[in-house]
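First the structure, in the form of structure tokens, and then the observations on it.
The values are calculated or read from the model by the stated rules, or taken from the named source; none is laboratory data. These numbers were taken from a predicted model, which means no experiment stands behind them. We place every Cβ from the backbone using ideal geometry, glycine too, and count neighbours over all the protein chains shown.
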2 protein chains.
Amino acid sequence: MTFDVLVEVSLRPGIADPQGATVERSLPRLGFDEVHGVRMGKAVRFTIDAADEEAALRRVDELCRRFLTNPVLEDSTVTLEPSAQGARR
Amino acid sequence: MTFDVLVEVSLRPGIADPQGATVERSLPRLGFDEVHGVRMGKAVRFTIDAADEEAALRRVDELCRRFLTNPVLEDSTVTLEPSAQGARR
């Protein structure tokens, strides 16, 4: 089976986010003073082949831990669903 | 009302994604040859104050169009829900 995966990589609470802070500081001047708490993260999308959803999740978790995130600074949130397009390459 | 917002900014289909391609090329050597179609995007989280959900969505769409994305190269996907923590600053 093929699964579509979205991994959201975000800075952990309390870790400074200069990029988000810069965006937030600029917004009032641009007319958006109702926006607060801007945090910039990464969104990684890919497909993975696995026997079932549980096996896919296990591999994605390992991928996150080993390569996609720095666990000291970053959290990851995984969303996974069967691919609508079947096995894509 | 305060809403929690997630904006996923992704490269449009067909736009080259060198960062994603580099990750994908490396994965087989690292033992993940079942992963394909890697695309790197941004995940922007923030809170917005608005009268209701419709007004919040309208402002977030404007923010995406004007500042968070380059509409020639990028798509944005907005997820919005009432903030659990009320008005955060």
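Mind checking which residues of the range A:1-23 are more than 26 Å from B:VAL23 (Cα to Cα) and surrounded by 18 or more Cβ atoms within 10 Å (Cβ to Cβ)?
Within the range A:1-23, just A:VAL23 meets the criteria.
Six or more apart or on different chains, Cβ atoms under 6 Å: show the pairs whose first residue is in the range A:46-60 and closer than 8 Å to A:PHE3 by Cβ and in a helix (DSSP H, G or I) and whose second is at pLDDT 95 or above and of a type in the set (Gly, Ala, Ser).
A:ALA56/A:ALA50
Between residues in the range B:66-84 that are more than 18 Å from B:PHE3 (Cβ to Cβ) and residues that are crowded, with 16+ Cβ neighbours inside 10 Å, which pairs lie under 7 Å by C-beta distance while being six or more apart or on different chains?
Every condition considered, the pairs that remain are B:THR69/B:VAL9; B:THR69/B:SER76; B:LEU73/B:LEU11; B:GLU74/B:VAL9; B:GLU74/B:SER10; B:GLU74/B:LEU11; B:ASP75/B:SER10.
Pairs needed: first member in the range B:5-22, within 9 Å of chain A (Cβ to nearest Cβ); second member anywhere, assigned to a loop (DSSP other than H, G, I, E, B); C-beta distance under 7 Å; at least 6 residues apart or different chains.
Pairs found: B:VAL9/B:THR69.
In the range B:24-32, is there at least one residue being within 18 Å of the chain's Cα centre (by Cα), more than 8 Å from chain A (Cβ to nearest Cβ) and not in a strand (DSSP E or B)?
Residues of the range B:24-32 that are within 18 Å of the chain's Cα centre (by Cα), as a first pass: none.
Checked against the condition, which is being within 18 Å of the chain's Cα centre (by Cα), more than 8 Å from chain A (Cβ to nearest Cβ) and not in a strand (DSSP E or B), the range B:24-32 yields no hits at all.
Just give me the residues in the range A:37-89 being facing chain B (nearest Cβ under 7 Å) and modelled with pLDDT under 95, in sequence order.
A:PHE67, A:ARG88, A:ARG89
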